[in-house]
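Everything on this sheet refers to the single structure shown next.
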Amino acid sequence: MNTKTSFGLIVALLVIVGLSVVGFRLLADGEDTWICDNNQWVKHGNPSAPMPTTGCGEQKPAETAPTPTPTPAAQEQSFKADDFEITAPGWPALDAATLGETGEVKIAVKNDQCGVIVTARTLPQGQTLETYVQGLLDEQLQKLPVKLVSKEFTDKTTHIESEITLMGQTINSSQRGYLTSKGTIYSVVFAGEKSALDGPCRADIDKVLGSVVVK
């Protein structure tokens, strides 16, 4: 396989690792909990919480059900520079420090299924996107067991699909990279299980990509 690709893949790999270790554990919360079995609480895995003090099993329904309070819509997160604009969902923030990314993180958010991160880095003078990325890529591929699924590369844009298996879980990454007129590389990475990226997160991904303005 031709390994020449974009800087954005490197960010994608780091994002995948970060989401796997930090954010993506949200998907496995049900593995360590207390389960009601035969009207008794039974430990499942290694729950951090003590055994519930309330009874389990068949419960008498409440006489009056409280009216649920509508959850206010989260405010979208936007980034705007002279040469680039983008808007991401108003999901909880992902701690950029956990990603190990040396580029400048502009947006890093996640929900319980997918994550989005936007980073920026300056292309060194005298180098093309491809030659600059190749050096970074060679270094990173030695550290991470990543499978490249597909790759599209032009002088100004990148589109990388990849996957990595960590802790027995396969995480997919979809990356779009943009080289602006000011020589800045903006990378937009979506990470999560393939079923989530293709399913419940699809509308958000399309909306984020539709908000991109490159100058």
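Just so you know, all these numbers are worked out from the coordinates, no wet-lab data involved. Because the structure is a prediction, the values reported are computed rather than measured.
Overview of results
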| read-out | value |
| --- | --- |
| Out-of-range pairs (alpha-carbon distance over 19 Å; input Lys80/Lys207; Lys110/Lys182; Lys110/Lys147; Lys80/Lys215; Lys106/Lys143) | Lys110/Lys182; Lys110/Lys147; Lys106/Lys143 |
| Contour excess over end-to-end distance, with Cα ends at Lys215 and Glu139 and 0.36 nm allotted per residue | 24.3 nm |
| Region 126-215, relative contact order in percent, only Cα pairs under 8 angstrom and at least six apart counted | 17 |
| Full-extension gain in nm, Asp82 to Gln125, via 0.36 nm per residue minus C-alpha separation | 13.5 nm |
| Val149 long-range amide H proximity, modeled H, under 5 Å | Glu161, Ser162, Glu163 |
